[in-house]
Amino acid sequence: MVEILKSRPQLLDFVQVGFVVTDVHSKILYANRYAERLFGYKRDEMEGERLRIFFLEEDLTYFLPNIVYLTLYQNGFEGEALLRHKDGRKIFVHISSVPFKEEREVFLTFCFQEIQRLKKLERERLEMERWASLGMVVEEIAHQIRNPIASIGGYVNRLLKARPAAAVPRSYLDRIVQEIQRLEAIVQRVEEYALVSKPAFKREKIQDVVEGAIQTFSKEAIEKGVSFNLKTGKSRGDGYLFVDKGLLRKALCHILRNSVESFAGVPAGKKRKTVEVELFEGDEGIGISISDKGEGISKKNLPHIFDPFFSSRPNRLGLGLTFAKKVMEEHGGEIRVKSWPKRGTTVILTFPKDRRRKIRRELISPGESRSES
């Protein structure tokens, strides 16, 4: 097959995918014209080299060997990858491969389809979703600040009409201060929400982040007669994740605050006012569970708990869970809420242990899937 392709290169030179043939050791034997354009190498530069010249350094230990293994022993591979151009640029491609047997020889054939444009469109879609989400927040801001402004205006007009000035009721001044503080809180929460789109990931021990959030909020909890109980459980790993420590701590504080406030309507002594915080870890990820035995959330309100500014409590902004959900999305994680009226609420946060797929972080064993996704 290779000799035929080399003698008649025009057979595949007009195919709009990069077509590459290698031996079982991933040595390149043939590459078509589109592969030249895609990777930036001339045909004679590629032939004789290993397939590794197209792959990123971090993918040479597991990802590339797994692709070759799956192609050779499981009849092929299909998936997306970030590969390397000759000039160092990174390019998104879709890879599909199959083995080809010719008499006693086995060849591996690879098709590389550029998907840069598709990835760009996907990024633009996500950006539009972010803007749409922010647009919802802005609409709610207009609604939320209208009432405090109207209230402030009303009390100021009353003050202007009051005679003499010394007779101005203290309650008017107190109400103005309260409404101004509410406006300041709205602005602060919106700024906080907007910053979620700019996370700075570092390798952190999740237990330390959780303990930090509990410590931050423990004084306020104690004042309300609520305690925290942290359970770490058995770990299958080192408990580290790549996270934005500051954002995650804020998200946890919002959830802890909700749990503490859920006991507001519970008479003293009727229930033990304890928020249970549990860390758990499995093969695929790390989770945080935060549970209380407070008032719970009604079935009517449960579908709206992540909506911007939604709150079942008076004088609360209701951006806490919206913020927490956004933080989890930026971390590639998930937030779930289970609640039972008068019985309590459980919030579960789950994080993927490694943002890379399994095929990129450990060698495939016989019998595993042929696809990356």
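Where a number appears in this text, it was derived from the coordinates with a stated rule and is not lab data. All figures in this text were calculated on a predicted structure; none of them were measured in a lab. With ideal geometry, Cβ positions are generated from the backbone for all residues, glycine too; neighbour counts draw on all protein chains shown.
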Query raised in the report: Ranking Asp87, Asp307, Asp59, Asp174 by Cβ neighbours within 10 Å, fewest first, what do you get?
Result: Asp87, Asp174, Asp307, Asp59
Query raised in the report: What FRET efficiency would be calculated for the residue pair Ala150, Asn301, taking the C-beta separation as r and a Förster radius of 35 Å, to the nearest 0.05?
Result: 0.85
Query - Exposure proxy ranking, count of Cβ atoms within 10 Å, fewest first, for Lys231, Lys245 - result: Lys231, Lys245
Report task. Any of Lys202/Lys300; Lys202/Lys342; Lys202/Lys224; Lys245/Lys342; Lys90/Lys202 with alpha carbons more than 29 Å apart? Name them for me. Result -> Lys202/Lys300; Lys202/Lys342; Lys202/Lys224; Lys245/Lys342
Requested in this report: Just rank Tyr73, Tyr62, fewest to most, by other beta-carbon atoms within 10 angstrom.
Outcome: Tyr73, Tyr62
Query raised in the report: Measuring from label point to label point, each 7 Å out along Cα→Cβ, what is the Asp44 to Val24 span in nm?
Result: 3.1 nm
Query raised in the report: Using the Cα gyration tensor of the range 2-114, with a ≥ b ≥ c the square roots of its eigenvalues, what is the shape: rounded (a/c below 1.5), prolate (a/b larger than b/c) or oblate (neither)?
Result: oblate
Requested in this report: Quick one: which residues, 5 or more positions from Ile91 or on another chain, have an amide H under 5 Å from its amide H? H modelled 1.01 Å from N in the peptide plane, none for Pro or chain starts.
Outcome: Leu83, Arg84, His85
Report summary line: The answer for Val275, listing residues at least 5 apart or on another chain whose modeled amide H is closer than 5 Å to its amide H, is Ser227, Phe228, Asn229
